[in-house]
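Here's the structure, in structure tokens; my notes come after.
A short reminder: the numbers here are calculations on the coordinates, not readings from a lab. Computed from a prediction, not measured in an experiment: that's the story for all the values here. As a convention, Cβ positions derive from the backbone with ideal geometry for all residues, glycine included, and neighbour counts pool all protein chains shown.
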Amino acid sequence: MSKGGNGLLKRVMGMACGLLLAGHAMAAEGPPKPASLRVATDQPGPTIDRNIYGQFVEHLGRGVYEGIWVGPDSPIPNVRGIRSDVVDALKRVRVPLIRWPGGCFADGYHWRDGLGPREKRPMGINASWSNQPESNHFGTHEFMDFLGQIGAASPFISVNVGSGSVREADDWMRYMTAPADTSPGAERAANGRKDPWEVPFIGVGNETWGCGGNMTAETYAASFRHYAAFLRNYSGPKAKLIAVGADTDDYAWTETLMAQAMKWRPDPTPLAYVNDRPLMWGLSLHFYTFAGNDWRNKGRNIGFDEAGYVAALKRADFTDELIARHAAIMDKHDPEKKVAIAVDEWGAWFDSEKDAPSALYLESTLRDAVIAGHSLNIFNRHADRVRMANIAQMVNVIQSLVLTRGEKMVVTPTWHVFDLYKVHQDAHLLPVEVKAPDYVKGDTRLPGLSVSASRDKDGAVHLTLVNLDPNSALDLDTVLAGAKFKTAEAKMLTAPAIDTSITFDAPDPFVPKALDVRLKGDKLGLRLPSKSVTLVTLRP
Ligand code: AHR
């Protein structure tokens with residue numbers, strides 16, 4: 001069993017009684033099971049940072065080219081080459097932040113290749129992803145334009161540590177952020193952008209333990225310190241540096257980075273912090289969900305059975321323990337929790353079946369929605385330490401929010417979950433006690449109900465509830481302690497089967513529907529269908 005987040009959420013194990021069948025056949029839906037919650041609506045905790053709902057875009061497969069960039073001459077409706085259907089979909093879920101240009105791609109990228117007239121840009125090689133040709137038509141200006149078209153989204157620029165240099169990364173920062181009356185600013189202005197851009201987040205490399213440089217933790221800690229001495233914003237607020245963190249459960253990496261790279265000096269002298277700020281704003285964590293724990297056999301993306309469903313949920317549920325353990329190491333070095341965990345790559349990554357495996361295009365099913373709902377609840381519950389997360393990847397790659405096929409576009413079940421959950425952005429986490437039966441399949445026992453709750457600036461309380469069990473509904477009784485509410489409403493996403501998928505040629509089966517709720521005094525009742533994700537909104 002995984003641990004509850006921050007001690008705020010206590011799970012009380014119940015007896016599981018689902019009917020279990022092997023293979024593709026699902027158990028007949030059993031009778032609803034009772035479950036209960038107690039939400040302390042008057043005990044607001046840490047802010048759920050909007051950037052937990054961040055995104056990741058890499059030059060990979062059809063993620064950038066076709067997924068975002070179609071070029072100004074395309075018959076696909078676009079603004080300055082950026083497709084409008086994708087922009088509209090992303091605007092609706094209020095994307096707060098996008099990490100770019102990679103991923104592994106970032107450590108082979110030179111920012112200068114993406115500048116100037118597009119017809120003159122070099123045709124490069126995407127060495128990280130099957131040596132595909134890279135037109136460089138989507139560069140810094142196009143990325144910033146894309147963010148602007150979406151609305152509020154901030155850039156998170158991943159600089160090249162693996163094959164680049166401190167000078168190259170610093171030059172990029174100068175180009176993006178220096179005033180127009182300096183040489184780098186004037187060059188930017190000549191390319192069409194006079195005002196400096198704000199670059200709030202800089203990723204100092206990517207997966208430097210692997211594709212980003214094959215470094216040891218000690219080597220990278222030294223490299224991070226070196227880069228950190230030079231990387232800055234040349235106008236606007238101070239840049240927040242994100243150091244490369246662990247791959248999954250590499251707790252030793254976290255220990256070394258916190259011990260050797262957090263402070264200006266290795267010794268805890270009075271000068272250890274400058275302006276009381278650690279050298280790194282955040283330490284990243286990369287964790288992908290698939291069926292089982294073998295990267296060479298991640299399980300089917302479509303047409304999977306309940307064993308494939310539960311295996312993936314088990315790995316997704318491990319996110320809770322993973323964050324708790326990395327956070328405990330960070331607490332030793334940084335008890336005031338100044339350094340954030342930035343889960344800047346997460347998502348469900350199964351074996352690709354349709355496109356070339358290297359393109360990492362995946363069909364999208366109800367299982368993805370359940371994984372997204374549960375993972376986001378876990379991040380919310382760790383809001384005291386997790387202050388950024390970036391799902392991999394926004395369009396056409398791994399667990400996408402949007403899929404395109406030529407001129408067609410669909411939003412995925414994961415998009416609907418982000419749409420439901422956007423109400424948590426910048427709201428205050430609320431403590432919740434949960435009593436619910438486990439979901440049991442074979443040897444696997446998981447918490448059957450995943451929850452997070454928050455209170456927004458207007459006093460509205462939002463609960464996001466995932467019933468993981470594909471075989472039983474939950475009859476949920478909730479006590480709303482500490483405040484009175486006049487109205488309650490709920491929207492719920494499910495589909496006929498765990499592997500129901502989104503297609504380009506049929507109506508979207510995942511559009512959330514209104515769910516009946518009963519609000520009486522401080523009691524709220526509702527029935528959560530099996531394998532569903534629900535948002536409840538309570539207004540004072
Ligand atoms: O998201 C796909 C790849 O996964 C990224 O390029 C890399 O950082 C990670 O291994």
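Using a Debye calculation, one point per C-alpha and no hydration shell, please list log10 I(q)/I(0) for segment 330-424 at q = 0.16, 0.22 Å⁻¹ in order. Calculated log10 I(q)/I(0) at the listed q: -0.70, -1.09. Farthest towards the positive end of the charge dipole of the chain, among the residues Gly114, Pro237, Gly81, is the Cα of Pro237, using unit charges on the Cβ of Lys, Arg, Asp and Glu. Computed from the alpha carbon atoms alone, the convex hull of the chain holds 143 Å³ per residue. Pairs from the list Lys298/Lys338; Lys120/Lys240; Lys194/Lys240; Lys486/Lys531; Lys486/Lys513 with a Cα-Cα gap above 25 Å: Lys298/Lys338; Lys120/Lys240; Lys486/Lys531. Computed on segment 393-478, with alpha-carbon pairs under 8 angstrom and 6+ residues apart, the relative contact order is 18 percent.
Karplus-derived 3J(HN,Hα) values for segment 311-320, using 6.51 cos²θ - 1.76 cosθ + 1.60 with θ = phi - 60°, are 4, 5, 5, 5, 5, 4, 5, 4, 3, 5 Hz; glycine and proline are entered as x.
Close amide H partners of Leu430, meaning residues 5 or more places away or on another chain with modelled amide H under 5 Å apart, are Gly45, Ala453, Ser454, Arg455.
Neighbour counting of Cβ atoms within 10 Å sorts the residues Leu476, Leu37, fewest neighbours leading, into Leu37, Leu476. Each Lys and Arg adds +1 at its Cβ and each Asp and Glu adds -1 at its Cβ; summed about the Cα centre, the chain shows a dipole of about 1300 debye. Taking label points 7 Å from Cα along the Cα-to-Cβ direction, Lys194 and Glu321 give a separation of 5.8 nm. Between Gly203 and Ile157, Ser158, Val159, Ile242, the built amide H atoms are under 5 Å apart, and every one of these is 5 or more places off in sequence or on another chain.
The ranking of Glu168, Glu66 from fewest to most other beta carbons within 10 Å of each one's beta carbon is Glu168, Glu66. Its relative contact order, with pairs defined as Cα atoms under 8 Å and 6+ residues apart, puts the chain at 22 percent. Computed from the C-beta positions of Ser183 and Ser130 and an R0 of 30 Å, the FRET efficiency is 0.20 to the nearest 0.05. Amide H contacts for Asn78 (H built 1.01 Å from N in the peptide plane; partners 5 or more residues away or on another chain; cut-off under 5 Å): Ser84. For segment 216-233, backbone phi angles converted through the Karplus equation (6.51, -1.76, 1.60; θ = phi - 60°) give residue-by-residue couplings of 7, 4, 5, 4, 5, 4, 5, 5, 4, 4, 5, 4, 5, 6, 10, 7, 7, 8 Hz, Gly and Pro being listed as x. Classify segment 48-202: rounded, prolate or oblate, from the alpha-carbon gyration tensor (a ≥ b ≥ c, eigenvalue square roots; a/c under 1.5 rounded; otherwise prolate if a/b is larger than b/c)? Since a/c stays below 1.5, the shape of segment 48-202 is classed as rounded. Applied to segment 335-345, the Karplus parametrisation 6.51 cos²θ - 1.76 cosθ + 1.60 on θ = phi - 60° returns per-residue 3J(HN,Hα) values of x, 7, 6, 6, 8, 7, 8, 10, 7, 7, 8 Hz, with x for Gly and Pro. Looking at the calculated P(r) for segment 164-319, what percent of the C-alpha pair distances fall above 19 Å? Of all Cα-Cα distances in segment 164-319, 64 percent exceed 19 Å. Mean sequence separation of contacting Cα pairs (under 8 Å, at least six apart), scaled by the length of segment 33-165, corresponds to a relative contact order of 26 percent. Computed from Cα atoms, the angle from the helix 251-261 axis to the main principal axis of the chain rounds to 40 degrees.
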